[in-house]
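Notes to accompany the following structure.
The values are calculated or read from the model by the stated rules, or taken from the named source; none is laboratory data. Because the structure is a prediction, the values reported are computed rather than measured. No Cβ is skipped: glycine too gets one built from the backbone with ideal geometry, and neighbour counts run over all protein chains shown. Just so you know, the surface numbers come from the protein's heavy atoms only, side chains and all, with ligands and any DNA or RNA stripped out. Shrake-Rupley method; radii C 1.70, N 1.55, O 1.52, S 1.80 Å.
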Amino acid sequence: MNEDIRIHSWPCSYYLDSSKQWIPGKLSLTPLSIQFRADKAGELLVDFHLSGISEIKKESSHLIFSSLTVLEKGTKHWFSSLQPNRNVVFNILEHFWREQLVCRQEAGAGAGAALESSKGRELTGMLEGSQRRLEDTAKVLHSQGEQFDNIMRGLHKIEGDMDVADRLLTELESPSWWPFSTKLWKTPLEWKAKEAAAAPDPGSQEEILLRIPVLITQRADSSCRPGGLTVLPSGLEIRDGSSQLLQRFGRRELDEIRVHSPYEISVRQRFIGRADTCCRLLAARMPRALPLLQLHFGAKIQLLEGALGFAAAGKSPQEDLGASIWQA
């Protein structure tokens, strides 16, 4: 069944309120729900749908231990000792929870269904979180804008100094009676005209085939962070949460795309003499991107054992999951 498919599992401890103790086990994320199963008895202690979650927060238990809390139908569930760390688990759970809410809202709008009051509170929480992220992004962009202004002032000063040095060298190395002196050196106006002719037209931007929010994990950084994946006719672009370009994989330079599951892929570009460039991407909307990736990078896509296991388990709960990649 689709609900038995696990996207990710993390060792952790769950606080069982009935016995007032922490139970070691594993926290699992499926396409539709969150589950916790104890290690010793193998008993399923927690099993609730993502759509029933009202809030996911980072908190501290006993003011010391870092924990993750999930508020579901008025009941707060505590998880601690999360591995590899709390931030990774929080980012993944929050990503799939928000995408589940967005998908439900889109489906409700298409069917003309009225929104429930609980969903209104959930959307309000999403908007507050988005507002905080936008404020942080605005601060980062403001500081980056100041840095760019300083860089541009420095470049203008360097350009002016080079113009002066160019004129002095021309006068020193070319006698006044030499008739071809003006041909041996290009004036600053000629350089600027050449650069303006070589600059691309900003109006002719490349068509965006698909853009989805993803969680990015790079080799140098074990923690996953939110970002975005953009599929272009010429390749792939990976951007961070502030829309800054982290990596671009050209269509010819891209060596392989490994499909770990319908929700997780890794993109690799190999080099000679230095380390390869590799990014691992996890997204709730990845099933929408897989048919498009197969169309443009069919020969470079590799289905790993985990992806084949998903294909054998049946159709994904995503209604728009393309079946072509699994049939292939």
message = For the structure I just gave you, tell me whether Phe90 is touching a Cys at 6+ places or on another chain (Cβ under 6 Å), closer than 30 Å to Arg6 by Cβ and either modelled with pLDDT under 75 or in the same structural domain as Tyr14 (by the TED database) (or both).
response = no
task = Look through the stretch 199-245, keep the residues that are at pLDDT 80 or above, polar (S, T, N, Q) and open to solvent by 60 Å² or more (accessible area, probe 1.4 Å), and return whichever of them is nearest to Gln100 (Cα to Cα).
result = Ser243
inquiry  = So, Ile56, is that one at pLDDT 90 or above and either open to solvent by 40 Å² or more (accessible area, probe 1.4 Å) or over 15 Å from Tyr15 (Cα atoms) (or both) or not?
reply    = yes
remark   = Exactly one of Glu99, Glu55, Glu94 is assigned to a strand (DSSP E or B), under 28 Å from the mean Cα position of the chain (by Cα) and among the acidic types (Asp, Glu), and that one is Glu55
inquiry  = When you check Leu292 against the structure, is it touching a residue at least 60 places away in the same chain (Cβ under 8 Å) and open to solvent by 30 Å² or more (accessible area, probe 1.4 Å), yes or no?
reply    = yes
query = Has the stretch 266-273 got at least one residue that is outside any helix (DSSP H, G or I), modelled with pLDDT of 90 or more and under 15 Å from the mean Cα position of the chain (by Cα)?
reply = yes
request  = Look at Phe36 and say whether it is in contact with an Asp or Glu (Cβ under 6 Å, 6 or more places away or on another chain) and part of a strand (DSSP E or B).
outcome  = no
